[in-house]
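Just below is one structure, and these are the notes that go with it.
Throughout, read-outs are computed from the coordinates displayed, never taken from laboratory work. Small disclaimer: the values here were computed from a predicted structure and weren't measured. Cβ atoms come from the backbone with ideal geometry, glycine included; neighbour counts cover every protein chain shown.
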Amino acid sequence: MLKHLFCLMGPTASGKTAIACELVQQFPFEIISVDSAMIYRGMDIGTAKPDADTLKHAPHHLIDILDPPSSYSAALFCADVARLSESIISRGKIPLLVGGTMMYFRALQQGLSLLPSKDDKLRAELVELATLHGSAYLHQKLAEVDAPTAAKLHPNDTQRIQRALEVFSLTKKPLSTWLQTAEDRSGYQFYNVILMPEAREWLHKRIEARFEEMLTLGLIEEVECLIKKWPFTAETPSMRTVGYRQVLSFLQGDYDFETMKNKGIAATRQLAKRQLTWLRHWPEGNLFKAENLSTTREIMAIMQELLDEVRK
């Protein structure tokens, strides 16, 4: 029996959470968060995590499930979604997946490839190369063996670049080729609703305003509390999250406050750009202009149509 999953996708700061919270008031949805940073406890301000009042009226699954030093993966996400979907459907509800971690959406909808496990020795060698020559050097090396993957990754996205080089070194097969042979996800029927800002300036202004608000709300203090409580390294996934990475560098004295703020905003814009690239090439979905005041009403209308189709 097919499991019907509804997905609300969009770049950071495009208004997904607000729309999702309205949808659960009108339709029999339960929200599953698709966010690789909201999974961490104590990382609230910098992830724009819904506050307690919002969660009271619109509970989110897969929020606050791990301590910040822990690691998570697309494979674990898919397993969690499978488990949660069964539970939600058994209650007569429908899963609504909401977020912007496109790798998780891709793994769920298009399958996980049978990639080799992490090789600690090889990873250490790649980390040393990055330290000696910089991340741009590794990005160039990746472009020589796997141009499609390199084109999708920012030169500073060291973690994913290292993983792609690791996969190639271990298998002599590019990551892009592995991802083309992903396993089938025929047990699910996906209905995608995609927020796509028409004006880049609109999204950029929202990103800037939100990051400045995060700083006002105490993002720096939040990071200070985290690093006092937990042992972090430069490679800890949670501290590589946009915003947290820049604040951590600021606290370590790498640059001043204004530079940190500008770098945080720029990094968030780069994240949004990567998310939009994913979404523009998404196989199927209903697209809506994120900045339109009528978007929520239009999404509700299409949701009603899709739900009517499911119930036939």
- Task: Note down the Stokes-Einstein diffusion coefficient of segment 108-238 in µm²/s, whole number, using a Kirkwood radius over alpha carbon pairs, 20 °C, and 1.002 mPa s.
- Result: 118 µm²/s
- Query: Got the relative contact order for the chain handy, in percent, Cα pairs under 8 Å and 6 or more residues apart?
  - Reply: 27 percent
- When the Karplus curve 6.51 cos²θ - 1.76 cosθ + 1.60 is applied with θ = phi - 60°, which whole-Hz ³J(HN,Hα) does each residue of segment 151-161 get, with x for Gly and Pro? 5, 8, 9, 6, x, 8, 7, 4, 4, 6, 5
- Rounded to whole Å and sorted largest first, list the principal axis extents of the Cα atoms in segment 120-180. 32, 23, 16
- Task: Give the Rg/Rh ratio for the chain, taking Rg as the radius of gyration of the Cα atoms and Rh as the Kirkwood radius, to two decimals.
- Result: 0.95
- Message: To make sure I understand, if each residue's beta carbon is the centre and we count other beta carbons within 10 Å, what order do Phe257, Phe6, Phe250 fall in, fewest to most?
- Response: Phe257, Phe250, Phe6
- Task: Could you grab the Rg to Rh ratio for segment 31-177? Cα atoms only, Kirkwood for Rh.
- Result: 1.03
- Item | Ranked packing of 116-125, 52-61, 159-168, most packed first, by mean Cβ within 10 Å | 159-168, 52-61, 116-125
- Relative contact order for segment 120-180 using alpha-carbon pairs under 8 Å, separation at least 6, rounded to a whole percent? 31 percent
- Structure-based [θ]222 nm, the chain - -39500 (n - 2.57) summed over DSSP H runs of at least 4, per residue, nearest 500: -17000 deg cm²/dmol
- Message: Can you give the Rg/Rh ratio of segment 13-91, where Rg is from the C-alpha atoms and Rh is the Kirkwood radius?
- Response: 0.96
- segment 203-312: relative contact order from alpha carbon pairs under 8 Å, six or more residues apart, as a whole percent, is 23 percent
- Karplus ³J(HN,Hα) for segment 122-128 (6.51 cos²θ - 1.76 cosθ + 1.60, θ = phi - 60°; Hz, whole; x = Gly/Pro) runs 5, 4, 5, 5, 5, 4, 5
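For segment 92-157, what is the convex hull (Cα atoms) projected area averaged across all directions, in square nanometres?
6.6 nm²
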- Task: Along each of the three principal axes of the Cα atoms of segment 192-312, give the extent in whole Å, ordering the values from largest to smallest.
- Result: 58, 30, 27
- Query: By how many degrees, between 0 and 90 and to the nearest 10, does the Cα long axis of helix 135-145 differ from the longest principal axis of the chain?
  - Reply: 70 degrees
- Message: Need the C-alpha centroid separation for segment 115-134 versus segment 1-79, integer Å.
- Response: 31 Å
- Message: 5 Å is the cut-off here: which amide hydrogens, built 1.01 Å from N in the peptide plane, fall below it relative to Ile39, excluding neighbours closer than 5 in sequence?
- Response: Asp64
